[in-house]
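Everything below concerns the one structure shown next.
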Amino acid sequence: MRIIICENYEELSEKGAQFFESQITLKPDSVLGLATGGTPVGLYKNLIKWNKEGRIDFSNVTSFNLDEYYPIAPDNDQSYRYFMNENLFDHINIDKTKTYVPDGLAKDPDAECARYEELLAQKGPVDIQLLGIGRNGHIGFNEPDTTLNAVTHITSLTESTIEANARFFDNITDVPTKALTMGMGTILKSKKILMLVSGKEKHEVLCELLNDDISTSNPATLLKVHPDVVIICDKAAYEG
Ligand code: GLP
């Protein structure tokens, strides 16, 4: 794991976007793994700006998102599909038919997870996977547990994640309690992983990434077995 410590969120967002710019410049038909949450929004803003300036061309790019709430309609403004359209896809020259997000309306969620995993196997591997991190160490929606799931699956959100994500909803009771998410093995198949960690409330969980322990009680620590992980954090997260 390599760690880059930035002065603030703006610098973190710029450095993160530079990784994507380099990736797409070197391989225009890259497969990107994308994430939601508050942290990547600044990075996406830079990608939009640089696409408008002609610095990045997304026309041959494919993308896979980590997760989606379940059940939720794609046009619900709290869905991750809606988030991706609003915060990135609607503003860049990507072919939307090549942007994949698990289907939050699938009648059979297990079949949808199997389809998503298969699609990734066909079109992947992901060249660069962007990750945020939950305060409890979740990545995608792989929540702390005694065992973790390797493949795309349906999962229940923990109380702590529901509380943390309630800020995006009118009411905490509106937060879906389930989600479809890539599994730990799915994520670890990515060639490169870029994790963004911002804010002092992520300090504790970041410290657990920087020691030598791996534990399913902090799923992100499993990234320590991956050969190419870069963590970009700001000083607030690093110093606490
Ligand atoms: C959600 C997403 C995660 C994300 C996490 C942290 O639960 N499923 O992919 O990393 O939130 O979000 P934030 O960046 O807003 O702290």
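The values are calculated or read from the model by the stated rules, or taken from the named source; none is laboratory data. Here the structure is a predicted model, which means the values were calculated and not measured. Glycine also receives a Cβ, built like all others from the backbone with ideal geometry; neighbour counts cover every protein chain displayed. Please note that ligands, DNA and RNA were not included when accessible areas were found on the heavy atoms of the full protein model with its side chains. Shrake-Rupley method; radii C 1.70, N 1.55, O 1.52, S 1.80 Å.
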Protein chains only, probe 1.4 Å: how do Tyr238, Tyr116 rank by accessible area, largest first? Tyr238, Tyr116
Fully extended, how many nm does the chain gain between Asp145 and Asn76 (0.36 nm per residue separation, minus their Cα-Cα distance)? 21.9 nm
In sequence order, what are the phi-derived ³J(HN,Hα) couplings for the range 153-167 according to the Karplus relation 6.51 cos²θ - 1.76 cosθ + 1.60 with θ = phi - 60°, rounded to whole Hz, with x for glycine and proline? 7, 8, 9, 9, 7, 6, 3, 5, 6, 4, 5, 5, 7, 4, 4
Which whole-number percent is the relative contact order of the range 100-175 (Cα, under 8 Å, 6+ apart)? 23
Nearest 0.05, what FRET efficiency do Lys107 and Ser217 give at R0 = 45 Å with Cβ-Cβ as r? 0.85
Test of understanding: what is the full-extension gain from Asn60 to Leu188, defined as 0.36 nm times their sequence separation minus their Cα-Cα distance? 43.7 nm
Tell me, what is the percent relative contact order of the chain, built from C-alpha pairs under 8 Å that lie six or more residues apart? 26
Global geometry of the chain, whether rounded, prolate or oblate, following the gyration tensor of its Cα atoms and the 1.5 cut on a/c: rounded
Pick from Glu68, Glu117, Glu159: which is most flexible by mean-square fluctuation in a GNM of the chain where alpha carbon atoms under 10 Å apart are linked? Glu159
So which aspartates and glutamates can Lys27 reach, going by Cα to Cα under 18 Å and dropping same-chain residues fewer than 8 places off? Asp57, Asp95, Asp127, Asp228
Under a 5 Å amide H to amide H cut-off, with H placed in plane at 1.01 Å, what residues pair with Ile3 once short-range neighbours are removed? Ile231
Cβ-derived FRET efficiency at R0 30 Å, Lys98 paired with His203, nearest 0.05: 0.20
For the range 50-56, take each phi angle, set θ = phi - 60°, evaluate the Karplus expression 6.51 cos²θ - 1.76 cosθ + 1.60, and give the result in whole Hz per residue in order, putting x for glycine and proline. 6, 5, 5, 7, x, 7, 10
Applied in sequence order to the range 219-225, the curve 6.51 cos²θ - 1.76 cosθ + 1.60 (Karplus, θ = phi - 60°) yields integer Hz couplings, x standing for Gly and Pro, of x, 4, 5, 5, 5, 5, 8
Two pseudo-spin positions, 7 Å from Cα along C-beta at Leu26 and at Gln122, lie apart in nanometres by 2.8
Of Lys123/Lys202; Lys45/Lys107; Lys96/Lys192; Lys15/Lys224; Lys202/Lys224, which ones are farther than 27 Å apart at the Cα? Lys123/Lys202; Lys45/Lys107
